[in-house]
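One structure is given here, and the rest of the page talks about it.
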Amino acid sequence: MFIADPPLSRARQGQYLAFIHAYTMVNGRPPAQADIQRFFQVTPPSVHQMLLTLERGGLISRRPGAPRSIAVLVDRSDLPALEPGYAQPVKITVARYSAPIVLQALVGERLT
């Protein structure tokens, strides 16, 4: 299914394909290279090289000069599950507001 490289490289190829497929399904359009870069936390040249490798292997197609034109050519059932380990952590706090001020605004009385 994937290009004949070491197993770790094939696993990485599968994750790129799974991400491109999932992103396209969720957002209704393929990812930009910057989206792939953010998800995998790699450099732009690394993303570009992987896309070239996948394209040479016949696993994706792209239209030259057209942004967001990546299409996965592998059957959906052959794609691996997307591993969540690459995703960036999500900040759940807002540093600008302290908890007492926010609670005071919600409750409507002064907290000290």
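Just so it is clear, none of the values below were taken in a lab; they were calculated from the coordinates. Just so we're clear, the structure is a prediction, and the values are computed from it rather than from any experiment. No Cβ is skipped: glycine too gets one built from the backbone with ideal geometry, and neighbour counts run over all protein chains shown.
Convert each backbone phi in the stretch 66-74 into a coupling constant with the Karplus relation 6.51 cos²θ - 1.76 cosθ + 1.60 (shift: θ = phi - 60°), then list the ³J(HN,Hα) values in order as whole Hz, x for Gly and Pro.
Calculated HN-Hα couplings, in order: 9, x, 6, 10, 6, 10, 7, 9, 8 Hz.
Using modelled amide H (1.01 Å from N, peptide plane; none on Pro or chain starts), what sits under 5 Å from the amide H of ILE60, excluding residues fewer than 5 places away?
Under 5 Å from the amide H of ILE60: GLU55, LEU73.
Going highest first, how would you order 16-24, 71-79 by mean Cβ packing within 10 Å?
Ranked by mean Cβ neighbours within 10 Å, highest first: 16-24, 71-79.
For the stretch 75-80, what does the Karplus curve 6.51 cos²θ - 1.76 cosθ + 1.60, with θ = phi - 60°, yield as ³J(HN,Hα) per residue in whole Hz, taken in order and with x for Gly and Pro?
Using θ = phi - 60°, the values come out as 4, 3, 5, 8, 7, x Hz.
Averaging sequence separations of C-alpha pairs under 8 Å and six or more residues apart, then dividing by the length of the stretch 7-82, give the relative contact order as a whole percent.
Here the relative contact order equals 35 percent.
In whole Hz, what ³J(HN,Hα) sequence does the stretch 48-55 give by Karplus (6.51, -1.76, 1.60; θ = phi - 60°), x for Gly and Pro?
Karplus values, whole Hz, x for Gly and Pro: 4, 5, 5, 5, 4, 4, 5, 5.
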